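Where a number appears in this text, it was derived from the coordinates with a stated rule and is not lab data. Small disclaimer: the values here were computed from a predicted structure and weren't measured. Counting neighbours? That spans all protein chains shown, and the Cβs are built from the backbone with ideal geometry, glycine included.
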Amino acid sequence: MALEIRGITKRFGALVANDAISLSVAEGEILALLGENGAGKTTLMNILFGHYVADEGEMLVDGRALPPGDTGAAIAAGVGMVHQHFALADNMTVLENITLGTERLWSWRSDTAAARARIVEMAEAYGLTVDPDRRVEELSIGERQRVEILKALYRDARILILDEPTSVLTPQESDRLFDTLKAMVARGLSIIFITHKLHEILRVSDRVAVLRRGAVVGTVATRDADRESLAEMMVGRKVARPRAEHLEPGRPVIELDAVSVAGPRGGNPVLDRVSLTVREREIVGLAGVAGNGQSALAALLSGTLAPSAGTVSLDGEPVRRFTAREFITRRVGRIPEDRHATGVVGDLTVWENLISERLRETPLWRWRWIIDFAACKAYARRLVEQFDIRVAGIDGATRLMSGGNMQKLILARVLDRSPRFILASQPIRGLDEGAIAAVHQRLLDAKRDGAGVLVISEDLDEILAIADRVVVIHAGRTSPSLDIGDADARRLGLMMAGDLQHGAGAMAS
């Protein structure tokens, strides 16, 4: 076996993150690792890569025990890891990023020619085409991922861990990645593939190991599995994602008319004459590869960024003040892209985060400066029960929650205010199948109650499942709106790569 994990247990206080986990990966095999948020996948991989030390158990690479808590030893043993969020220096070339840290500090000079030749050889062998002399800041997201994989291969990785590798790729880039993985295993590499996309697991893996609450609940050959059986193993019950139902849209709740946002230091605009309308009782999906203006649009519609040109209107009234308070007051619900950094304040308690956007409202607020703590906690307990937020108690720190439960907290805070417009930016990123179904159902319920919803997502399956219309964004510009019945993943992928008009025309014809 290329890798053996034997009886790994890891505790954080009373929490057992990994409970006597045993797994193996053969040479030339792709093992998919599946589990709910908080199931222990990340902890297990951090132990393998030397970031954590297990309380019990051992890990063996090619039959030799891996020293615990030693990342250098893991790399030397042939373990490589490509994280979901890339760790590249934008101002350096591809070659410099790949070779950084691989040469002795006391070397007189770098053997650049040999390094370049080796990188080109690996790129050709695995279908990872990239120019070694280009700066990383000039690369697409798919090209950056190739650089990360080449970094691991350059260090002679024979066991490669890929964490949510397609979360920021177009469908075409994902197809190229899968071809690369096939080339790797054909040459004897072993791959651990972590994703929440069940169709990808079924397409690319040989076996699937499922974790639930820190323990292995089953390992199955992929040929014997399907989406329904994997989802049930992961969650412990049958899970079905909800589907959109068509409702007659009402009045516009938010309108953007030729809106632009200037780029930094006089560069190209991050939003360029964007026009977009979301109406009552409809969900509009905004598709695009990360870095094409989605973050600026989300900030604009959250009230934290003002346009440099154009008009934004809420319920027919132009917005004059771009502040978070103004948008909250005007019943805009905001589900941010990064729930940890901007969705919650991690060191505040669960109840403090739940009441944070309505603290000054009665009955939570008495007179001018007095908070009614009893009322706040009663309100928080109601939301915890109503939205099935699984926490030990409302007085615990929010940063200790799993990603799925943190997202439920944000949804509870947003939806309890009966918003007119909901901005949902990457609402299911990194969530498991059960949490995805819960989030989608809440958004569909809000639509049925009369809200207009904009879902910004890089996951085309999500948009195709719950949206009524879809708009594609590329380089700060948006495509014409398309009815979801006229959309498919292949054509949307072409538009996401920059063919906005021709892709839309092909769908409409």
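Calculate the FRET efficiency for THR329 and ARG176 from the Cβ-Cβ distance with a Förster distance of 45 Å, rounded to the nearest 0.05.
Details: r = 46 Å, r/R0 = 1.03.
Between THR329 and ARG176 the formula returns 0.45.
Counting only Cα atoms, the size of region 163-223 along its three principal axes is 33, 27, 19 Å, in decreasing order.
Within the shell defined by Cβ-Cβ distances under 10 Å, the residues around PRO419 carry a net charge of +3, with Lys and Arg each +1 and Asp and Glu each -1.
How much net charge surrounds PRO336 when only other residues with a Cβ under 14 Å from its Cβ are counted (Lys, Arg +1; Asp, Glu -1)? Once positives and negatives cancel, what remains is +1. Normalising by residue count, region 1-140 has a Cα convex hull of 161 Å³ per residue. With contacts taken as Cα pairs under 8 Å and at least 6 residues apart, region 3-235 reaches a relative contact order of 29 percent. Computed about the Cα centre, the dipole magnitude for region 3-235 is approximately 240 debye when only Lys and Arg (+1) and Asp and Glu (-1) carry charge, each at its Cβ.
Within the shell defined by Cβ-Cβ distances under 11 Å, the residues around PHE327 carry a net charge of +4, with Lys and Arg each +1 and Asp and Glu each -1. Each of SER190, GLN172, PHE86 was scored by the projection of its Cα onto the charge dipole of region 3-235, and the greatest displacement toward the positive side belongs to SER190; charges sit on the C-beta of Lys, Arg, Asp and Glu. Extension gain for VAL120-ASP315 works out to 64.6 nm (0.36 nm per residue, less the C-alpha to C-alpha distance).
Cα centroids of region 1-62 and region 196-257: how far apart, whole angstrom? That distance is 23 Å. The stretch between ASP347 and ARG448, if pulled fully straight at 0.36 nm per residue, gains 32.9 nm over its current Cα-Cα span. Grab the beta carbon distance between ARG490 and VAL220, set R0 = 35 Å, and tell me the FRET efficiency rounded to 0.05. Approximately 0.70, to the nearest 0.05. A dipole drawn for region 375-465 from +1 and -1 charges on Cβ atoms has a positive end, and of LEU411, ALA375, ALA465 the residue lying farthest that way is ALA375. The stretch between SER356 and SER418, if pulled fully straight at 0.36 nm per residue, gains 20.7 nm over its current Cα-Cα span. Fewest neighbouring Cβ atoms within 10 Å first, the residues THR478, THR323, THR42, THR180 line up as THR323, THR180, THR42, THR478. Taking every DSSP beta bridge that has both ends in the chain, the antiparallel portion is near 55%.
Starting with the fewest neighbours, write out ASP111, ASP372 ranked by other beta-carbon atoms found within 10 Å of each beta-carbon.
Ordered from fewest to most neighbouring Cβ atoms within 10 Å, ASP111, ASP372 come out as ASP111, ASP372.
Computed over the chain, relative contact order equals 16 percent, with contacts defined as Cα pairs under 8 Å that lie 6+ residues apart. Among MET406, MET45, the order by Cβ neighbours within 10 angstrom, fewest to most, reads MET45, MET406. With a simple spin-label model that places each label point 7 Å from the Cα along the Cα-to-Cβ direction, the separation between HIS246 and GLU232 comes to 3.3 nm. Give me the percent of Cα-Cα pairs in region 346-458 that sit more than 24 Å apart, rounded to a whole number. Summing the P(r) tail past 24 Å for region 346-458 gives 27 percent. Taking amide H as placed 1.01 Å from N in the peptide plane, the amide H of GLN84 sits under 5 Å from that of ASP163, each at least 5 places away or on another chain.
Here the chain is treated as an ellipsoid with the same Cα gyration tensor; its semi-axes, largest first and in whole Å, are 39, 29, 22. Free of any GluC sites (Glu not before Pro) that DSSP assigns to a loop and that have at most 12 other C-beta atoms within 10 Å, the longest stretch within the chain is 362-509.
Using a cut-off of 32 Å between Cα atoms, the listed pairs LYS10/LYS197; LYS197/LYS377; LYS10/LYS447; LYS41/LYS447; LYS182/LYS447 include LYS197/LYS377; LYS10/LYS447; LYS41/LYS447; LYS182/LYS447 as exceeding that distance.
Note on ASP156 and ASP388: their simple-model spin labels are 5.0 nm apart, each label 7 Å out from Cα toward Cβ. The distance linking region 147-179 with region 298-329 is 39 Å (Cα centroid to Cα centroid, whole angstrom).
Average projected area of the Cα convex hull of region 3-235, in nm²?
That works out to 13.2 nm².
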